[in-house]
1. Being out of contact with any helix residue (DSSP H, G or I) (no Cβ under 8 Å at 6 or more places or on another chain), more than 25 Å from G137 (Cβ to Cβ) and of a type outside the set (S, T, Y) is the filter; apply it to region 46-80 and report the residue that is most open to solvent (accessible area, probe 1.4 Å).
2. If you scan region 214-230, which residues turn out to be surrounded by fewer than 14 Cβ atoms within 10 Å (Cβ to Cβ) and either on the phi > 0 side of the Ramachandran plot or in contact with a Ser or Thr (Cβ under 8 Å, 6 or more places away or on another chain) (or both)?
3. Has region 176-184 got any residue that is open to solvent by 10 Å² or more (accessible area, probe 1.4 Å) and part of a loop (DSSP other than H, G, I, E, B)?
4. Give region 208-233 a look and list any residue that's more than 10 Å from the ligand (Cβ to nearest atom) and part of a strand (DSSP E or B), or say none.
5. From the list A197, A161, A144, which residue is open to solvent by less than 10 Å² (accessible area, probe 1.4 Å), of a type in the set (A, V, I, L, M, F, W, C) and under 23 Å from G121 (Cβ atoms)?
6. Report whether or not Y256 is under 15 Å from T145 (Cβ atoms) and of a type in the set (F, W, Y).
Amino acid sequence: MVRWRILWGTAMAVLTAAALGASASPAAAAPGGSGDGVVPSTNVVGGTRAAQGEFPFMVRLSMGCGGALYSSTIVLTAAHCVGRTGTNTSITATLGVVDLNSSSRITRKSNYVYRAPGYNGAGKDWALIRLASPVTGLATLPIATSTAYDSGTFTIAGWGAAREGGSQQRYLLKAQVPFVSDATCNSAAMYNGEVIATDEICAGYAAGGVDTCQGDSGGPMFRTDSAGAWVQVGIVSWGDGCARRNRPGVYTQVSYFSSAIRSAAASLGG
Ligand code: ARG
């Protein structure tokens, strides 16, 4: 039920992005959210503008999703943002800028998509997109390979809606959200058992107000490691509306899939 609503929102985002094609102005995209709830936030939801160069690994994808630069040729995103595994030259990745309209932006076409094996809309929400040529000069985002960083405070970022039902953003927004345990996230007050504890990790405030939203999907949730470097712990996956009370964001738990991601990336040559 909740998932249905989210998939509907995603379908709208994909349709809108498809209508835009590989437009250089994805900021104009306006995917519909579920649109049936309260909008409890200020102006990602509750975020502020990221500085140019602050998150060099952030990627905007032409179907209306986010991603993270995993290597010079591979973008890690959500399975629900892509189609089946195979040759795919239809996706444009925009990198290196917070302003999607900046003349300094770097763009690359895809040449292959790898979607998590067994993906069927519940869990396993990760995918790799191979770029037609390498991107140089941008830091990549290492993935968490253990559960060591699956708690604490996370940073989220994206060009998605700044409020539920809102339009896609031209400038990258960022925010911070606290970890929410599987037990709390699956409690009756929250998702009542809908979260797949092994595959997914929740983050957000019980009061709402700060969250990822439609169009942020596929983008990274990350934090600092013991050396102060960024490490990716999540992939924006789903939520009931955006920033609602007792409805944290649900993210793919990267640590759980890290071996599969690494070997898939290697099989793609990067
Ligand atoms: N599925 C959405 C997308 O395609 C992302 C939803 C995230 N929602 C949330 N409340 N954190 O962009």
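1. Among them, the one singled out is G46.
2. G228
3. yes
4. P220, F222, R223, T224, W230, V231, Q232, V233
5. So the residue among A197, A161, A144 that is open to solvent by less than 10 Å² (accessible area, probe 1.4 Å), of a type in the set (A, V, I, L, M, F, W, C) and under 23 Å from G121 (Cβ atoms) is A161.
6. Here the answer is yes, as Y256 does meet what is asked.
The values are calculated or read from the model by the stated rules, or taken from the named source; none is laboratory data. Only a predicted model underlies this, so the values are computations on that prediction, with no experimental measurement involved. All Cβ positions, glycine included, derive from the backbone under ideal geometry; neighbour counts span all protein chains shown. These accessible areas exclude ligands, DNA and RNA; they are computed on the full protein's heavy atoms, side chains included. Shrake-Rupley method; radii C 1.70, N 1.55, O 1.52, S 1.80 Å.
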